[in-house]
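Read through the structure below, which is laid out as structure tokens, and then see the notes.
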Amino acid sequence: MKLTRRTLLKQGAGVAGGALLAQTRSEAGQAPSEPPAPRRTRFGVSTYSYWHFEGEKYPIERVIENAARLGFDGIEILHRQMTDESPAALNRFKRLALVNGLDLIMFTIHQDFVSPDRNERQKAIDHTKHCIDLAYQLGTPAIRLNSGRWKTVASFDDLMKVKGKEPPLPGYTEDDGFKWCIDSIAECIPAAEKAGVVLALENHWGLTASVDGVLRIYKAINSPWLGVTLDVGNLVGDPYPQIEKLTPYAVVVHFKTYFGGGVWYTLDPDYPRIAGILRRANYPGYVNLEMEGRENAETAVPKSLEVMRKAFA
């Protein structure tokens, strides 16, 4: 995977299978003695592929309809893309997915546990628990979780220029940040277990910019209700050994494409190699598209699905 010169860089059957795999490894400390039988890789699409936090929000209902028409197997819903959190709206998404033959795979949220202010961390905990309730209502078996970051690099664009790495706040250490994050996630685990929703920690900059950071948090929590979202586009340096290291813990995989050039950076992934890593690890879960290019999603998403199909053929 190389950077361009212009840039720095059906309801959860697959997810449930991936969660079971991660749970078995977590509790036993090793891979299952009988790996899951090979199966067709199921492809999902994140609603984020159609809306990158700018301009008018692309309706989630239209993403569901597009996904069914194109031949995806499931949908990942971005919380920030929703314009209505009412039970009626959630039930509408659920019904629309069902009648279109799609799984609701994961609910992607944003929260930040890295703050010396206990009140700020509590807000993030409360937000996470609120989103667990929303996921339960939707029937999605997993939530994409962030660790959070120090925010000593002000903008996300600048953070990408330093490869996602930023110094701690003055007077604090990385260990402080990890403790805040671990303690905060631990407070959310009982709610996740009660709702039957797996918290899927993503390698998403901040404390989880490195594989070691992800696994430090994951292993400290040591719960079957915490898994990993493996994002193959959020790895600095040689990604392939890192993908191999995270795959055993993954309950969902994010598959990145950059048609029209990346919104923040452009990568040139070896997609068949990534597919091979997942296949050799007997990864049974969903592979979800996050189209992160500037090309219009109406053309870029169908092209991305073809890339996915060819890689996993």
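Which members of the range 86-143 meet the condition of being assigned to a helix (DSSP H, G or I) and charged (D, E, K, R)?
Arg92, Lys94, Arg95, Arg118, Glu120, Arg121, Lys123, Asp126, Lys129, Asp133
Which of (1) in a helix (DSSP H, G or I); (2) over 14 Å from Asp112 (Cα atoms) does Trp180 not meet, given it meets every other one?
Among (1) in a helix (DSSP H, G or I); (2) over 14 Å from Asp112 (Cα atoms), Trp180 violates only (2).
What are the residues in the range 260-313 that are open to solvent by 30 Å² or more (accessible area, probe 1.4 Å) and touching a His at 6+ places or on another chain (Cβ under 6 Å), if any?
If the condition is that a residue be open to solvent by 30 Å² or more (accessible area, probe 1.4 Å) and touching a His at 6+ places or on another chain (Cβ under 6 Å), then Val263 is the only one that fits.
Can you say whether Ala209 is surrounded by 20 or more Cβ atoms within 10 Å (Cβ to Cβ), under 24 Å from Arg280 (Cα atoms) and among the aliphatic types (A, V, I, L, M), as far as the supplied structure shows?
no
Which of the residues that make up the range 237-257 are of a type outside the set (Lys, Arg), in contact with a helix residue (DSSP H, G or I) (Cβ under 9 Å, 6 or more places away or on another chain) and open to solvent by 20 Å² or more (accessible area, probe 1.4 Å)?
Of everything in the range 237-257, those that are of a type outside the set (Lys, Arg), in contact with a helix residue (DSSP H, G or I) (Cβ under 9 Å, 6 or more places away or on another chain) and open to solvent by 20 Å² or more (accessible area, probe 1.4 Å) turn out to be Pro241, Gln242, Glu244, Pro248, Tyr249.
Restricting to the range 60-85, give me the number of residues that are assigned to a loop (DSSP other than H, G, I, E, B) and open to solvent by less than 50 Å² (accessible area, probe 1.4 Å).
4
Among the residues of the range 262-313, count how many are in contact with an Asp or Glu (Cβ under 7 Å, 6 or more places away or on another chain), modelled with pLDDT of 95 or more and assigned to a loop (DSSP other than H, G, I, E, B).
Residues that pass the stated criteria total 0.
The values are calculated or read from the model by the stated rules, or taken from the named source; none is laboratory data. In this text, all values refer to a predicted model and were calculated from it rather than measured experimentally. Cβ atoms come from the backbone with ideal geometry, glycine included; neighbour counts cover every protein chain shown. These accessible areas exclude ligands, DNA and RNA; they are computed on the full protein's heavy atoms, side chains included. Shrake-Rupley method; radii C 1.70, N 1.55, O 1.52, S 1.80 Å.
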